[in-house]
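Chemist: The structure is given below, and queries will be raised subsequently.
The values are calculated or read from the model by the stated rules, or taken from the named source; none is laboratory data. Just so you know, these numbers come straight off a predicted model, no measurement behind them. Don't worry about glycine lacking a Cβ; one is built from the backbone with ideal geometry, like all the others, and counts go over all protein chains shown. Heads up: the accessible areas ignore ligands, DNA and RNA and are worked out on the full protein's heavy atoms, side chains in. Shrake-Rupley method; radii C 1.70, N 1.55, O 1.52, S 1.80 Å.
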Amino acid sequence: MRSPLLFFHIVAGTLGMLSGFVAVFLRKGSRRHGLAGNIFVIAMLVLSASGVFLAVMKSQPGNILGGTLTFYLVATAWMTARRRDGEPGIFDWGALLVVLGVAVCQITFGLEAAFSPTGLKYDYPPWPYFFLGSVAVLAVTGDVRMLVRNGISGTQRVARHLWRMCFALFIAASSIFLARQQLFPAVFRQIGLLYLLSFLPLILMIFWMVRVRFASAFKPAASPYRRPAVFGEQSLS
């Protein structure tokens, strides 16, 4: 049972990473961009869900948390793009509870790893727990603000969508290029290409966040972002 699921997981991860990079570089709002974005969402949801299931089978709590966080980021980013500027619903409250639980567990495991004799917790050092825990806390803060304000719109809506999609792409890329460097030619490691490909989503995330928030080309009156239609229509991401 584990082997076919692992193969399915690998295929979804590869497809998600490739479609994610394609979507990032295509013109926002174009039909090709929307198609690549939809493929990315489906692949990443399959990747993270299958990853969580495999982690449960292997008793790997750290990977369970990472897969859950990835699923949450993609799902909430997709919902942000799909829904018009409206009131949050039961989905948003459920998502908040999920990411809050992830944040608490990540920080707790990080502290336990830091104070353990081996410096590890479930075979991981403290910094991965604190890093992903910080991302989860950031997501919690954004969800709470959205719920308190009874919705989100304009530039904040676009920014919420962008950073969540880009960070999910970073998780997929780093899981392939950093965690499995032995699969690639040695020259890729020597010239730092694997590190570049792993952190490129974060670089692109910063670039787009700056453009969306500060560049005059992305003011509301001239914004190329439109409400995406999902699965067959044009996409925001």
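Chemist: Run the helix sum for the chain: -39,500 (n - 2.57) per DSSP H stretch of 4+ residues, divided by residue count, reported at 222 nm to the nearest 500 deg cm²/dmol. Display every interim value, and only then the final one.
Modeler: Working: 8 runs with 173 residues, N = 237.
Taken over the chain, the calculation gives -25500 deg cm²/dmol.
Chemist: Please work out which option in (1) 12.2; (2) 13.5; (3) 14.2 gives mean projected area of the Cα convex hull in nm² calculated from these coordinates, and answer with its label.
Modeler: (3)
Chemist: Let me test this: with uniform point scatterers at the alpha carbons of segment 1-139, what is the Debye-based log₁₀ I(q)/I(0) at q = 0.14, 0.16, 0.17 1/Å?
Modeler: Here log10 of I(q) over I(0) equals -0.76, -0.94, -1.02.
Chemist: Follow-up. Enumerate the residues in segment 28-56 having an amide nitrogen under 18 Å from the point lying 7 Å beyond the Cα of Leu183 toward its Cβ.
Modeler: The answer is 40, 43-55, whose backbone nitrogens lie closer than 18 Å to the label point.
Chemist: Continuing with this model, one more query. Would you work out the relative contact order for the chain, in percent, from Cα pairs under 8 angstrom that are 6 or more residues apart?
Modeler: Computed value for the chain: 27 percent relative contact order.
Chemist: Treat every Asp and Glu Cβ in the chain as -1 and every Lys and Arg Cβ as +1, leave all other atoms uncharged, and give the resulting dipole magnitude about the Cα centre to the nearest 20 debye.
Modeler: 820
Chemist: What order, most packed first, do the peptides 110-117, 14-21 have when packing is the mean number of other Cβ atoms within 10 Å of each residue?
Modeler: Top of the packing list down: 14-21, 110-117.
Chemist: Kindly sort Tyr124, Tyr129 by accessible area of their heavy atoms, largest first, with the probe set to 1.4 Å.
Modeler: I get Tyr124, Tyr129, largest accessible area first.
Chemist: Suppose all protein chains stay in the model; what accessible area per residue would a 1.4 Å probe give for segment 74-120, in Å²? Please report the intermediate quantities before stating the final value.
Modeler: On the way: 2570 Å² over 47 residues.
Ligands and nucleic acids excluded, the result is 55 Å² per residue.
Chemist: Show me the trypsin sites (Lys or Arg not before Pro) within segment 45-105 that DSSP assigns to loop and that have at most 12 other Cβ atoms within 10 Å of their Cβ.
Modeler: The qualifying sites are Lys58, Arg84.
Chemist: Any chance you could run the full-extension gain for Thr155 through Ala114? It's 0.36 nm times the residue separation minus the Cα-Cα distance, nm to one decimal. Intermediate results must be reported in sequence, preceding the final value.
Modeler: Values: separation 41, 0.36 × 41 = 14.76 nm, distance 3.86 nm.
Contour length minus the Cα-Cα distance gives 10.9 nm.
Chemist: Please name which of Phe207, Ala139, Gln60 has its Cα lying farthest along the dipole of the chain towards the positive end, using unit charges on Cβ (Lys, Arg +1; Asp, Glu -1) and the Cα centre as origin.
Modeler: My answer, from the dipole projection, is Phe207.
Chemist: Now a separate question. How many percent of the accessible area of the chain is carbon or sulfur, using a 1.4 Å probe? Kindly include the intermediate steps, with their values, before the conclusion.
Modeler: Values: 8530 of 12360 Å².
Exposed carbon and sulfur together represent 69 percent of the surface.
Chemist: Taking only the alpha carbons of segment 139-204, what extent do you get along each of the three principal axes, in Å, biggest first?
Modeler: Each principal axis gives a Cα extent; for segment 139-204 these are 51, 18, 12 Å.
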